[in-house]
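First comes the structure, then the notes that go with it.
The values are calculated or read from the model by the stated rules, or taken from the named source; none is laboratory data. This structure is a prediction, so every number in the text was calculated from the model and none was measured. Cβ: placed from backbone, ideal geometry, glycine included. Neighbour counts: every protein chain shown.
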Amino acid sequence: MAHTIQVETLLCEIDDEVATVTIDRPRVLNALNAQVFDNLKGLFTSLAKRPAIRVILLTGAGEKAFAAGADVNELVATDRMTGHALSRRGRTIFRQIETCGKPVIALINGFALGGGCELALSCTLRIASESAKLGQPEAKLGLIPGYGGTQRLPRLVGQSAALKLLLTGEMIDAQEALRIGLVDEVVPADRLIERGRELARSILAMAPLAVAGCLEAVRKGSSRDIDSALRLESEIFGRLCATADKAEGTRAFLEKRPPVWTGK
């Protein structure tokens, strides 16, 4: 049975094995202030510890914004020390989301700018509505992205496409984001949540340990040289060969029946 948890600036609806997290500040376009960061940290810490939750959907309240960026009021008074601390806090929490061990799917409804775009970048997959607008406009404020944008964006879309966005502060629409690989799919706005749930159901049909193994192999392997990354893949493959789910999956395939996963 579905139930909803209110965590100050966030709503979390848990339905079966899927948690849908919504940034709930629509009046300010779901801007990311200190409270939102604290709430994200606490909620994702909790969700990561719950084996029963296997996929997380992340979106913003309303139709106008996923997250319009950092709260500029918090940036005005920063200096070298406080600015560094602000960046460190944000990048640590986004890294926590990226490494929580579960697929996190960003459902981008409307604006995903600055910190909001960086939040989407920290997710496993990104689905955008046709009305979505994405960008990294920090240079317009005399800054660079501070929550991982200069590192994740070029890894995702390539250095040249990333620098074009970073150096111009340009805001692009959903189709351009799809073309450069910033998002994985574009759907009509009224289909966004349902498409996220469809994708979640596709993931839920796979073996839990295999899903976790894919996440681990890609995340850890991407920062290694190819030989080291291939050794990592072999280690994870071997580990999974000793699981009950692998025995069930191969047996179910040969017996032409749906597998019953236990996560063991």
Problem - The one condition in (1) touching a residue at least 12 places away in the same chain (Cβ under 8 Å); (2) under 17 Å from the mean Cα position of the chain (by Cα) that S46 fails to fulfil - result: (1)
Practice task
Would you mind finding the one in P208, P154, P188 that is surrounded by fewer than 19 Cβ atoms within 10 Å (Cβ to Cβ) and in contact with an Asp or Glu (Cβ under 8 Å, 6 or more places away or on another chain)?
Solution key: P188
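Checking the condition in the same structural domain as A200 (by TED's automatic domain parsing), closer than 22 Å to Q151 by Cα and not β-branched (V, I, T), which residue from E63, E98 passes?
The conditions single out E98.
Every residue, every condition in (1) loosely packed, with under 14 Cβ neighbours inside 10 Å; (2) touching a Lys or Arg at 6+ places or on another chain (Cβ under 7 Å), yes or no:
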residue	(1), (2)
A2	yes, no
L29	no, yes
F37	no, yes
N73	yes, no
H84	yes, no
S87	no, no
A106	no, yes
G115	no, no
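A quick yes/no check of all residues on (1) more than 30 Å from L167 (Cα to Cα); (2) assigned to a helix (DSSP H, G or I):
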{"site": "L43", "(1), (2)": "yes, yes"}
{"site": "L47", "(1), (2)": "yes, yes"}
{"site": "A52", "(1), (2)": "yes, no"}
{"site": "T59", "(1), (2)": "no, no"}
{"site": "H84", "(1), (2)": "no, yes"}
{"site": "R89", "(1), (2)": "no, yes"}
{"site": "C100", "(1), (2)": "yes, no"}
Practice task
Being without any contact (Cβ under 8 Å) to a residue 60 or more places away in the chain and under 17 Å from R126 (Cβ atoms) narrows it down to one of I193, I180, so name that one.
Solution key: I180
Exercise for the section: For K164, state whether it is free of Cβ contacts under 8 Å to residues at least 60 places away in the same chain, buried (at least 16 other Cβ atoms within 10 Å of the Cβ) and in a helix (DSSP H, G or I). Expected result: no
Handout entry: Which numbered condition V55 misses (of (1) among the β-branched types (V, I, T); (2) over 30 Å from A210 (Cβ atoms); (3) modelled with pLDDT of 95 or more)
Key = (2)
Exercise for the section: Inspect the range 126-144 for any residue being modelled with pLDDT of 95 or more, under 20 Å from the mean Cα position of the chain (by Cα) and part of a helix (DSSP H, G or I) and give the result as yes or no. Expected result: no
Completion exercise
Among L240, L215, L199, L232, the single one that is assigned by TED's automatic domain parsing to the domain that holds A52 and either surrounded by 13 or more Cβ atoms within 10 Å (Cβ to Cβ) or in a helix (DSSP H, G or I) (or both) is L199
